[in-house]
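Below is one structure; the comments refer to it alone.
The values are calculated or read from the model by the stated rules, or taken from the named source; none is laboratory data. Predicted model, so just to flag it, every value in this text is computed and none were measured. Please note: Cβ atoms are built from the backbone with ideal geometry, for glycine as well, and neighbour counts cover all protein chains shown. Remember, those area values only see protein heavy atoms, side chains included, never the ligands or the DNA or RNA. Shrake-Rupley method; radii C 1.70, N 1.55, O 1.52, S 1.80 Å.
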Amino acid sequence: MTAGDVIRVLVVDDEPLIAEAHRAYTEKVAGFEVAGVALTAREAMSLLRAEPIDLVLLDLNLPDKHGLEIARALRAAGSGTDVLAVTSNRDIATIRSAVALGVTHYLLKPFTFAAFRDKLDRYAQYRRQVAGSLEVAAQHEVDRVFATLRGAPAADTLPKGLDPRTFDLILTALRAAEPAGLSAAEVGVRTGTSRVTARRYLEHLAESGRVIRSPRYGGPGRPEVEYRPASAGTHRP
């Protein structure tokens, strides 16, 4: 990762208003900064040669070249820059080509900020998981990395007894509190659930890597546990 653990992003889209919207979206997500905006493939390649870029938000329908040609050029050059396709292209052959070229995500236009943020959050979590590691110790660690980057949202794979609507309420409450963390009791108050119920969902989110647990000191007795989205701090091993 680049200096300061900030993920540097290049936005590539031939529509200036859309490019500006993607830039604004990116800058609303903690841990990301926009290093440049390109409206053509030529501009994109020039910026990639001139600037250290971690992630390209890549439109595929560019006026001078297909966007995947940029991904192909990066791979041919041995570049470690990742690509997130942001496109209205629904062609299966294009999607297969994107997968073959190592495109990390494929986000269809139009999309909500929540969907966009989820992709960036997953990408940031993936980078934290692999940062500084030369190898993994076991298959489950490999599975965790792939699940983080490409897996279904946690709400789609909830354990029996957990409700997707309550899951969404709790995750929304945590994100609204950023950068501060919340205890199970505080989450319960904000979502209208009991502390015990809130803790069940929070522990599931922590085990799946979506939130981080940390002790909160300052009160009498044992420190209270607080939770915050993984995008707001360093992910625990």
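Could you name every one of the helices (runs of 4 or more DSSP H) located completely within region 141-237 that has at least 3 residues being surrounded by fewer than 16 Cβ atoms within 10 Å (Cβ to Cβ), at pLDDT below 85 and of a type outside the set (S, T, N, Q)?
164-177
So which residues in region 17-51 are of a type in the set (A, V, I, L, M, F, W, C), open to solvent by less than 50 Å² (accessible area, probe 1.4 Å) and within 30 Å of Ala177 (Cα to Cα), if there are any at all?
Passing the criteria: Ala19, Ala21, Ala24, Val29, Phe32, Val34, Ala35.
Given the criteria within 20 Å of Thr26 (Cβ to Cβ), surrounded by fewer than 12 Cβ atoms within 10 Å (Cβ to Cβ) and at pLDDT 85 or above, does Ala115 qualify? So that I can check it myself, show each step before the final result.
Values: within 20 Å of Thr26 (Cβ to Cβ): yes; surrounded by fewer than 12 Cβ atoms within 10 Å (Cβ to Cβ): no; at pLDDT 85 or above: yes.
Judged against the criteria, Ala115 is not a match.
Of the residues in region 7-47, how many are assigned to a helix (DSSP H, G or I), in contact with a helix residue (DSSP H, G or I) (Cβ under 6 Å, 6 or more places away or on another chain) and of a type in the set (A, V, I, L, M, F, W, C)?
2
State which residue pairs qualify: first residue free of Cβ contacts under 8 Å to residues at least 12 places away in the same chain and inside region 162-183, second residue of a type in the set (Gly, Ala, Ser) and surrounded by fewer than 18 Cβ atoms within 10 Å (Cβ to Cβ) in any location, beta carbons under 7 Å apart, and separation of 6 or more residues or different chains.
Pro164/Ala155
Failed condition for Asp14, given (1) open to solvent by 70 Å² or more (accessible area, probe 1.4 Å); (2) over 15 Å from the mean Cα position of the chain (by Cα); (3) among the charged types (D, E, K, R), with all others met?
Result: Asp14 passes all but (1).
Being open to solvent by 10 Å² or more (accessible area, probe 1.4 Å) and modelled with pLDDT of 95 or more is the requirement here; does Asp54 meet it?
Yes.
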